[in-house]
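Peer 1: A single structure is presented below for examination.
The values are calculated or read from the model by the stated rules, or taken from the named source; none is laboratory data. Predicted, not measured: the structure shown is a model, and the values here were computed from it. Using ideal geometry, Cβ is built from the backbone for each residue, glycine included, and neighbour counts are taken over all protein chains shown. Heavy atoms of the whole protein, side chains included, go into the accessibility calculation; ligands, DNA and RNA do not. Shrake-Rupley method; radii C 1.70, N 1.55, O 1.52, S 1.80 Å.
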Amino acid sequence: MKLDVTPSAAQLFKNEWGYQQGDQIRVFVRYAGEGDDAFAFGIGRDEPSSPVASVNQDDLHFFMEPNDLWYLDGRDLTIDCGEEGIIFNKL
């Protein structure tokens, strides 16, 4: 499992979401409601305790903890941006 963040996504986090150089950003799974997939990724500032995947992009540190890997089911995650904002791509 690999975590990747594109440079354009990192810039979006800084320019529109208010993240700053050196911030540690946890990528986690959250309950999103009913439908085909009731779960989604969330992000937030946090201190890593036992990160199993991490990446630095544009002076931001992104990481995932072990209890969130189940949602990827062995796939990689790329965080990118599109016309409507941040996109989480499970590859």
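Peer 1: Need one value: the accessible area of residue 59 in square angstrom, 1.4 angstrom probe, rounded to the nearest 10.
Peer 2: Rounded to the nearest 10, the figure is 90 Å².
Peer 1: Continuing with the same structure: At a threshold of 8 angstrom on Cα-Cα distance, excluding pairs fewer than six apart, so keeping six or more, what relative contact order does the chain reach in percent?
Peer 2: Once divided by the residue count of the chain, the mean separation gives 36 percent.
Peer 1: Also, quick follow-up: Quick check for me: using +1 on Lys/Arg Cβ and -1 on Asp/Glu Cβ, what's the dipole size of the chain about its Cα centre, in debye to the nearest 20?
Peer 2: Value, rounded to 20: 200 debye.
Peer 1: Oh, and also: Can you classify the stretch 10-50 as rounded, prolate or oblate using the Cα gyration tensor, where a ≥ b ≥ c are the square roots of its eigenvalues, rounded means a/c under 1.5, and otherwise it's prolate if a/b beats b/c and oblate if not?
Peer 2: Oblate.
Peer 1: Moving to a separate point now. Just in the stretch 1-35: which chymotrypsin sites (Phe, Trp or Tyr not before Pro) are loop by DSSP and have at most 14 other Cβ atoms within 10 Å?
Peer 2: Answer by residue number: 17.
Peer 1: OK, next. Using alpha-carbon positions, what is the distance between the centroids of the stretch 1-30 and the stretch 48-91, in Å?
Peer 2: Each part's Cα centre sits 9 Å from the other's.
Peer 1: If you put +1 on each Lys and Arg Cβ and -1 on each Asp and Glu Cβ, how big is the dipole of the stretch 1-47 around its Cα centre, in Debye rounded to 20?
Peer 2: Its charge dipole is roughly 200 debye.
Peer 1: If you don't mind, there's one more thing I want to ask. Roughly what % of DSSP beta bridges within the chain run antiparallel, to the nearest 5?
Peer 2: DSSP beta bridges in the chain are roughly 75 percent antiparallel.
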